[in-house]
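Trainee: This is the structure I want to talk about, given as structure tokens.
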Amino acid sequence: MTIRALVFDVFGTLVDWRSGVAREAARLLAPVAPSLDAGAFADAWRARYDPSMETVRSGARPYVDLDTLQAESLPDVLAQFGIAGVPETVQRELVQAWHRLEAWPEVPDALRRLREKHLLAPNSNGPVRLMADLARRNGLIFDAVLGAGYSRDYKPKPALYRDAVAAFGFAPAETMMVAAHSNDLAAAARHGLSTAHIARPHEHGPAGGETAPTVPVTHAARDLADLADQLGC
């Protein structure tokens, strides 16, 4: 079946979250933690990402956006690293680090190629404003912004995949979920979407990242440019 729309995971797939968060943490926390292991700080903050979303996925609380969840988890991360005395203004600015991430090098041009034949949208756990900020910062052009802010829930809940299909009005198999994470692709496939895995071996820095999918996928690509090649763009 012809692929007509591509929907993308963003953190790790389109943008390098670890380097960006580490860079901003080192800059903003330098006055109180000049010897901070900024990469480890980014990893520790990311480790709280899924548990915080689970409070919404489980129904324990109403939907709140990812910025709110990141702001709530930040004090525990600071305490883990023995960092005290961080003004609230600096903490708010640090949450905005997630809005200032850099795309992986091939992504802007590959998206332009893919958009020649397909409708494109992020299908991310990030809120609409965060997606807009990342798009503007990196020159990423989308046809819509889908994901948590649109569906009011977090992956891998069914709404995010079903809403992504319904938004463009194509058949599920004509809509392809693109991600660097096999669990995201497995969830999408359960709802009939086509799937594409993007290898991001450096997503977690020294801890690596997925070099190949661990589940069956429609396409497996070295990077987003390779996917564009495979789709004839």
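The values are calculated or read from the model by the stated rules, or taken from the named source; none is laboratory data. Remember, predicted model here, so these are calculated numbers, not experimental data. With ideal geometry, Cβ positions are generated from the backbone for all residues, glycine too; neighbour counts draw on all protein chains shown. Heavy atoms of the whole protein, side chains included, go into the accessibility calculation; ligands, DNA and RNA do not. Shrake-Rupley method; radii C 1.70, N 1.55, O 1.52, S 1.80 Å.
Trainee: Kindly indicate which of ARG113, ARG129, ARG100 is among the basic types (Lys, Arg), touching a residue at least 12 places away in the same chain (Cβ under 8 Å), open to solvent by 20 Å² or more (accessible area, probe 1.4 Å) and under 14 Å from VAL15 (Cα atoms).
Mentor: The match here is ARG100.
Trainee: Then there's this: Are any residues in the stretch 12-37 open to solvent by less than 20 Å² (accessible area, probe 1.4 Å) and of a type in the set (Ser, Thr, Tyr), and if so, which ones?
Mentor: Across the stretch 12-37, the qualifying residue is only THR13.
Trainee: What number goes with the only condition from (1) outside the structural domain of HIS202 (by the TED database); (2) open to solvent by 10 Å² or more (accessible area, probe 1.4 Å) that LEU119 does not pass?
Mentor: (1)
Trainee: Across the stretch 158-172, what is the number of residues that are touching a residue at least 24 places away in the same chain (Cβ under 8 Å) and among the small types (Gly, Ala, Ser)?
Mentor: So the count comes out to 3.
Trainee: Here is a follow-up. Which of the following residues is free of Cβ contacts under 8 Å to residues at least 24 places away in the same chain and assigned by the TED database to the domain that holds ALA121: THR211, THR195, THR218, THR175?
Mentor: None of the other options fit; the residue is THR211.
Trainee: Inside the stretch 70-82, can you point out the residues that are open to solvent by 20 Å² or more (accessible area, probe 1.4 Å) and touching a helix residue (DSSP H, G or I) at 6+ places or on another chain (Cβ under 8 Å)?
Mentor: Correct list: ALA71, GLU72, PRO75, GLN80, PHE81.
Trainee: Quick one: ASP9 ticks every box in (1) outside the structural domain of ALA221 (by the TED database); (2) of a type in the set (D, E, K, R); (3) crowded, with 19+ Cβ neighbours inside 10 Å bar one, so which box is it?
Mentor: Condition (1) is where ASP9 drops out.
Trainee: Among what's in the stretch 172-210 and is more than 12 Å from PRO156 (Cα to Cα) and out of contact with any helix residue (DSSP H, G or I) (no Cβ under 9 Å at 6 or more places or on another chain), pick the residue that is surrounded by the most Cβ atoms within 10 Å (Cβ to Cβ).
Mentor: So the residue we want is ALA180.
Trainee: Another question, then. Consider TYR63 against the criteria (1) surrounded by fewer than 22 Cβ atoms within 10 Å (Cβ to Cβ); (2) in the same structural domain as ALA207 (by the TED database); (3) in contact with a helix residue (DSSP H, G or I) (Cβ under 6 Å, 6 or more places away or on another chain); (4) closer than 28 Å to GLY169 by Cα: it satisfies all of them except one. Which criterion is unmet?
Mentor: TYR63 satisfies every listed condition except (2).
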